[in-house]
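In what follows, a structure is listed as structure tokens, so that the remarks can point back to it.
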Amino acid sequence: MRRFSRFLAVVLALAFVFAGVEALAFGDMSKPKGGNSGKAASVDKTPVEKAKGPDSYTVAEIYKKSAELDKKKVVVRGRVTKVSAGIMGKNWVHLQDGSGDASSGTNDLVATSQDLPSVGNVVTARGTLHKDKDFGSGYKYVAIVEEATFKP
């Protein structure tokens, strides 16, 4: 029964991530501090300049090179388009930089973090890329940056 309860908690948490719920902190239903949790705001679509330095990629390049970048450190600069806070103990941040293709889903990159940037801000994310990350129950990412930190 305990295993089922854990499984159910994970499934529900993932459902909330994709439904855009404002906060779910397993026991603390208060809003998180900072950010614009769970809201996919109408944000500026102006292309964002690529980050400088080693390990820097555009969103499109990350998808294109995901096999060779799997489990490696990456840096990507983009505009925060959505934040789902406190899901499974982390914040889920969607980034877009004007690259990639919306019809194939390669224009939006998700990064998980303890940081909580605000929707509309342009940030530089640093973290570890994971290819084909499967959280179960049909929630699978072709590419996701985990344990990211964000800087303006």
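Taken together, the values in this text are just the output of simple stated rules run on the coordinates, not laboratory data. This structure is a prediction, so every number in the text was calculated from the model and none was measured. Because the Cβ atoms are built from the backbone with ideal geometry, glycine has one as well, and the counts that use them run over all protein chains shown.
Some points to look at:
- Checking the cross-link pairs K45/K72; K90/K133; K90/K140 against a 26 Å limit on the alpha carbon distance flags K45/K72 as lying beyond it.
- Burial ordering of H130, H94, fewest other beta-carbon atoms within 10 Å first: H94, H130
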